[in-house]
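Quick notes on the structure that follows.
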Amino acid sequence: MQHVAPDELPHEVRIIHEWILMSDGVHLHARIWLPVTDQPVPALLEYLPYRKDDWTEGRDHERHPWYAGHGYASVRVDIRGTGDSEGVFTDEYSESELRDGEEVLAWLAAQSWCTGDVGMFGISWGGFNGLQLAARRPEALKAIVTVCSTDDRYDNDVHFVGGSVLGIDMTAWAGAMFAFNSRPPDPLQVGDAWRGMWQERLEGLEPPVVEWLSHQTRDEYWRHGSVSENYADIEIPVLTVGGWSDPYHDTVLRLVEHLPGQVKGLLGPWAHQYPDRANSPGPAIGFLQETLRWWDRWLKGEQTGVEDDPDLRVFVEGYRPPAMRYDDVPGHWMATSWPAPEVRTRHHFFDRASVPVDGGWATVRTPQHTGIDSGRFFPFGNEADLPPDQRAEDGRAVILDSDPLDADLTLLGAPRALLHLDADRPRGQMIVRMCDVAPDGSSRLLARGVLNLSSRQGRDRDVPWEPGEAETVEVPLTSVGVTVPAGHVLRFTVSTTYWPWVWPHADLLTVRLQLSRSSVELPELAPSRVPAADEVTFTPPQTMAPKPAPGGAPRSRSRPQREVRYDVETDTWTLDVDPGYVPYKQVDNGLTYEEDSREVYRITGGDPTSAVALSDWDIRMRRDDWNLRMVTHQEVTATKEAFRIRASLRAEVDGEVIVEREWDEEVPRTVG
């Protein structure tokens with residue numbers, strides 16, 4: 001990683017703070033990094049709810065001054081009701097968030113220091129709303145860079161997968177946002193108004209999981225903000241970026257395939273991080289330099305050649321043994337289009353199973369804790385993020401192994417399982433996993449897919465299964481770009497449970513799978529096209545030099561990142577997680593920020609209604625005599641008829657409780 005000092009930039013940079021007035025009278029707060037120049041410059045917007053003054057302050061410093069130093073006004077705006085912005089936050093990607101975003105873009109374009117041309121960039125949330133705003137075609141927005149984002153808010157976000165409730169992040173991220181939205185504005189920016197603004201936020205706060213669970217099919221709620229509903233809405237140039245270890249990486253392939261305008265895809269080995277950050281897995285690339293080529297072409301009209309780049313630059317991974325963290329993974333960069341003409345369908349048929357086969361049918365009924373080794377939904381590069389060796393997980397499912405491969409097999413794209421089965425209950429789910437099994441028996445997870453059986457005819461409808469009537473169903477798996485070496489076994493497993501990745505249905509499901517009519521379609525890259533060396537190269541990663549931490553080195557975690565416990569007496573499995581986002585930091589504005597967060601997932605064998613997901617947060621903010629604490633708790637359980645959400649909030653000033661609220665809500669179960 002090359003760190004750049006301010007005096008090494010082409011332009012000197014100054015920072016200004018501005019209030020941006022919305023049409024309804026609410027003011028949003030912006031921090032703007034401006035190049036010192038007499039000429040107007042294009043603007044770049046990152047638009048987030050994560051608090052520019054503390055939570056993203058370090059990450060913002062890596063890239064916003066860098067862009068400004070290269071001739072752009074780089075802007076961070078707190079979304080309504082978050083950070084220092086006025087108003088109340090109601091939900092992710094709400095109509096008010098997007099409408100405000102349009103007004104912010106127009107405001108930026110109208111400033112005397114701006115040429116009138118604006119780009120948007122962001123990772124995750126900022127990548128999401130960049131796509132969504134592009135689809136609304138605001139006049140000022142000329143290009144975007146979207147990183148680790150999704151085009152499909154229902155089936156490729158943190159709420160549902162394959163029509164099933166995501167137990168691991170529907171609940172965890174809802175708990176995180178519940179806590180985040182309880183944080184106050186900073187008196188340094190808003191003055192004495194902070195107390196009234198905070199009170200308004202606390203009174204308007206609701207646990208978001210209630211709303212998310214209230215929409216269990218792909219209805220209008222999820223179609224809103226899903227640009228996959230009409231890709232043609234996006235006409236401006238789009239650079240879409242993702243990583244194989246990030247849950248949103250399929251979006252890169254879909255956008256490259258479907259967007260009608262100038263679109264380029266970049267798909268590397270990374271986790272849920274910007275590709276220039278020194279996080280696992282690598283290798284990192286000079287991502288800021290890549291985006292500068294993009295901005296210079298579409299916002300300044302310079303001939304940087306980005307339109308001549310391959311439609312898709314993709315990292316094809318070589319073999320690596322299973323581990324929960326990697327540094328640089330082996331592999332090579334490939335240049336292609338998408339769909340890639342070099343990819344052909346290879347059919348893999350099932351002829352044997354790890355369980356007895358009766359008349360060609362294998363019985364699938366898996367333990368409730370199948371899925372305990374699924375790994376973190378959002379890997380960030382921490383020590384325990386990625387799925388561990390899957391041997392134990394494989395043994396809890398029904399295994400459908402290939403013969404040892406007689407030659408290397410390179411896959412590029414999304415496998416698709418076609419399963420002919422019968423289920424003994426109207427509701428249930430099927431989970432398919434694909435692993436690379438080495439000669440020593442170690443098993444690395446490559447891809448997985450989930451199908452809620454009542455969503456098999458479309459995610460927008462609920463069609464219960466008719467027991468006794470066999471059907472062929474399709475289970476799409478997540479895409480891969482990987483070489484499985486000769487001598488290894490390609491393993492497929494099927495299960496009826498996968499906790500806590502997906503929430504279990506209330507009934508114990510038994511499925512009969514007919515092997516002779518079941519198969520997997522594999523996207524095989526032609527052997528002659530497998531890259532033997534990098535077909536594209538990148539400059540080394542570069543960001544601004546980090547600012548010295550006023551409080552010294554960050555504090556270490558006090559608990560394990562991920563801990564699995566089994567109570568033999570009660571047959572109860574517990575997964576205890578420390579998300580460890582920002583445990584402790586001191587900001588150079590004098591603020592000390594601390595958060596302690598914990599997720600717990602618990603289930604008892606033989607009882608799917610025993611599943612419980614807990615989220616606890618304790619946030620402290622201090623500066624001089626300003627001393628605040630926010631404590632939140634969220635617990636999600638389910639009976640056969642309904643999900644139940646219990647939540648609480650306590651807010652303190654100098655140890656005195658000023659707000660204390662509790663929620664106890666039920667949401668009827670439909671397809672969930």
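The values are calculated or read from the model by the stated rules, or taken from the named source; none is laboratory data. From a predicted model like this one, the values you see are computed outputs, not experimental measurements. Every residue, glycine among them, receives a Cβ derived from its backbone with ideal geometry; neighbour counts consider all protein chains shown.
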The condition from (1) under 22 Å from L386 (Cβ atoms); (2) buried (at least 24 other Cβ atoms within 10 Å of the Cβ) that A174 misses is numbered (1)
The correct count of residues that are crowded, with 21+ Cβ neighbours inside 10 Å and among the aromatic types (F, W, Y) in region 14-48 is 2
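For every residue, the table says whether it meets (1) within 19 Å of the chain's Cα centre (by Cα); (2) touching a residue at least 12 places away in the same chain (Cβ under 8 Å); (3) outside any helix (DSSP H, G or I).
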| position | (1), (2), (3) |
| --- | --- |
| G130 | yes, yes, no |
| E139 | no, yes, yes |
| T146 | yes, yes, yes |
| T171 | yes, yes, no |
| A179 | yes, yes, no |
| Q199 | no, yes, no |
| T217 | no, yes, yes |
Within region 1-35, track down each residue that is over 29 Å from I79 (Cα atoms) and within 30 Å of the chain's Cα centre (by Cα). M1, Q2, H3, V4
Could you grab me the full set of residues in region 594-649 that are among the hydroxyl-bearing types (S, T, Y), touching a Lys or Arg at 6+ places or on another chain (Cβ under 9 Å), over 24 Å from D53 (Cβ atoms) and assigned to a strand (DSSP E or B)? T609, S610, S615, T637, S648
Taking L259, is it of a type in the set (A, V, I, L, M), within 29 Å of W333 (Cα to Cα), buried (at least 20 other Cβ atoms within 10 Å of the Cβ) and modelled with pLDDT of 95 or more? yes
Condition broken by S454, with the remaining ones in (1) crowded, with 23+ Cβ neighbours inside 10 Å; (2) part of a strand (DSSP E or B) satisfied: (2)
Say we look at region 177-205 and pick out the residues that are out of contact with any helix residue (DSSP H, G or I) (no Cβ under 8 Å at 6 or more places or on another chain) and acidic (D, E); which of these is surrounded by the most Cβ atoms within 10 Å (Cβ to Cβ)? E200
Would you check if there is a residue in region 73-95 being among the small types (G, A, S), touching a strand residue (DSSP E or B) at 6+ places or on another chain (Cβ under 7 Å), farther than 30 Å from R461 by Cβ and surrounded by fewer than 23 Cβ atoms within 10 Å (Cβ to Cβ)? no
What do you reckon, is S94 of a type in the set (G, A, S), in contact with a Lys or Arg (Cβ under 9 Å, 6 or more places away or on another chain) and under 30 Å from E200 (Cα atoms)? yes
Quick one: how many residues across region 273-283 are surrounded by fewer than 23 Cβ atoms within 10 Å (Cβ to Cβ) and either of a type in the set (S, T, Y) or out of contact with any helix residue (DSSP H, G or I) (no Cβ under 9 Å at 6 or more places or on another chain) (or both)? 4
P341, sole failed condition from (1) at pLDDT 95 or above; (2) crowded, with 20+ Cβ neighbours inside 10 Å; (3) on the phi < 0 side of the Ramachandran plot: (2)
